[in-house]
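Scroll down for the structure; my scribbles are underneath it.
FYI, it's all coordinate maths here, none of it is from the lab. A quick note: this is a predicted structure, and the numbers were derived from the prediction, not measured. Cβ placement follows ideal geometry from the backbone for every residue including glycine, while neighbour counts extend to all protein chains displayed.
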Amino acid sequence: SKSLSDEENLKLFGKCNNPNGHGHNYKARLLMSLFFSLQIDPVSGMVINLTDLKEYMQEAIMEPLDHKNLDKDVPYFAEVVSTTENVAVFIWENLKKLLPMGTLYKVKVYETDQNIVIYKGEETISE
C-alpha cells in the first residue's frame, strides 16, 4: 500500500510484501442470478447466450488481468491495493457493466485453495 511505510507494509502483508511484486494464479467463478424474474429467451431457452458470456468474461477479466502485473499493468490497481478482495471487486465492476442487469449474483476468487473471497456487490464474504 502506497499509504503505508515499508515497515507497516511488511507487518501487514508479510511475505506478499515484495517491492518487485509477486505472482498468483487466481481462479474466478461467477454465479449468475437465474431467478424467475429474469427473461428467458423463448427461442434459445437461455437467460444469456453462453458465447456472449464467454466474450464478456474475456473482455472483463482475461484482457485486463491475464499475465499482468496488477500493480504496474492495470490502471485500477495504481491506487487500489491488489488484494484478492479488490480483485473480486474489479471483476464484479467490470462484468456488471457488460452483463444484462440483475444477472450477476456473485464473484468467487481463489488466490489459493485456502484463501477465497466471495463478492456480491456491497456484501463480501471470506471463506
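In this model, which of Lys72/Lys108; Lys72/Lys96; Lys11/Lys96; Lys2/Lys54; Lys54/Lys106 are farther than 27 Å apart at the alpha-carbon?
Lys11/Lys96; Lys2/Lys54
Consider a paramagnetic label point 7 Å from the Cα of Gln39 along Cα→Cβ; state which residues of region 47-61 have an amide N under 19 Å from it.
Within reach of a label on Gln39: 47-53.
With only alpha-carbon atoms counted, please give the Rg and Dmax of region 26-119, in Å.
Answer for region 26-119, Rg first and Dmax second: 14.4, 45 Å.
List the residues whose amide H sits under 5 Å from the amide H of Tyr105, counting only those 5 or more places along or on another chain, with H placed 1.01 Å from N in the peptide plane.
Correct list: Leu31, Met32, Ser33.
Please list, by residue number, every one of the GluC sites (Glu not before Pro) in region 79-119 that is coil in DSSP and has at most 14 other beta-carbon atoms within 10 Å.
Passing both the DSSP loop test and the Cβ count: Glu79.
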